[in-house]
Amino acid sequence: MDTSTQITDAPPPVPQPTDAELKRNARGATRPGDRIFLGLSRGSGIFLLVIMAAIAVFLTYRASLALSKNHGNFLTTFEWNTNVTPPSFGIAVLAFGTVVSSIIAMVLAVPVAVAIALFLTHYAPRRLSGPIAYVVDLLAAVPSIVYGLWGALILVPHMTGLFGWLNDFFGWTGIFSWDQGAPRSLLTVGILLAIMILPIITNVSREVFRQAPQMIEEAALALGATRWEVIRMAVLPFGRSGVISASMLGLGRALGETMAVATVLSPDFLIHGSLLNPGGGTFAQNIASKFSEATEFGRDALIASGLVLFVITLLVNGAARMIIARRKEYSGANA
């Protein structure tokens, strides 16, 4: 028998469909309900972009009407006089007050929020973490005006002791010097804003910490690591980007807060070297307090300041989305 030649009956190769054919088949196999849902979802996204663009165009147009007649420099002027001729107004004081109060809020809120999130996810028993998480969620649902009333009636009268202590021990710095005036200052506003943004940062950080890979935590425990070492080496590095994103979302809320700040702050158009002396202002507070009594030109000027706040808020939230997009493993990390 001749074994030098072997004949194999191999099946002919099956032609593979191209990408265009696969897409065509997928579209053809899509059910009508799926097509309707896809159209509605896509239309909703486009409609949202149209609304944002319309707001930007409106703010830019009205702001240009006021800025074209402004006698001073809009970015550096330390006054807001729109009822005189020629008008002179600027956002120097408003930008300073907004940034300083927001930074104070972030410095106070972020460490506390991260600590609460870690306690709820890695320390508290389930029967305790549930009620605490419910209370934190409830704080996020409290209206801003309620926070403002609480701040004006409860927080402000009880800040004199803290202000006196800061003045006694740190008044030499100038930043915490106090002239015994009413504690309606940027520091008080920052503390109130910290309480308001605390639920936002806590909730987002808590969900991020829950997505930490369970296998890595169990491996660290098996190697003899303590619970804090597990958190420091596994949980916090994984959730760093999430905490930053949560903080920037809270910052966006602090930058645009209106009624609570307007209720607590004693506004003026001066930049004070001390955080304890009353005075200052923010974008949102200035718009809320002056809009109802402003003339047509005055409203255009307020809209110009609103445009600056609009751009700042977009940048903050856009940066938060970019940070979140860098860590795709947030979804399904424990799967």
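Values quoted throughout were computed directly from the atomic coordinates according to the rules given, and no laboratory measurement underlies them. Here the structure is a predicted model, which means the values were calculated and not measured. Cβ: placed from backbone, ideal geometry, glycine included. Neighbour counts: every protein chain shown.
Can you give the net charge of the other residues whose Cβ lies under 15 Å from the Cβ of residue 106, counting K and R as +1 and D and E as -1?
Working: positive: 253; negative: 257.
Result for the neighbourhood of residue 106: 0.
About its Cα centre, the dipole of the chain is roughly 500 debye, where the only charges are +1 on Lys and Arg Cβ and -1 on Asp and Glu Cβ. When the Cα positions of 178, 91, 53 are compared along the charge dipole of the chain, 53 comes out farthest toward the positive end, with charges on each C-beta of Lys, Arg, Asp and Glu.
Rg/Rh, computed from the Cα trace of the chain with Rh as the Kirkwood radius, has the value 1.16. Every Cα-Cα pair of segment 82-184 was included, and the share exceeding 19 Å stands at 68 percent.
For the chain, excluding the exposed loop sites themselves (trypsin sites (Lys or Arg not before Pro), DSSP loop, at most 16 other Cβ atoms within 10 Å), the longest remaining stretch covers 70-325.
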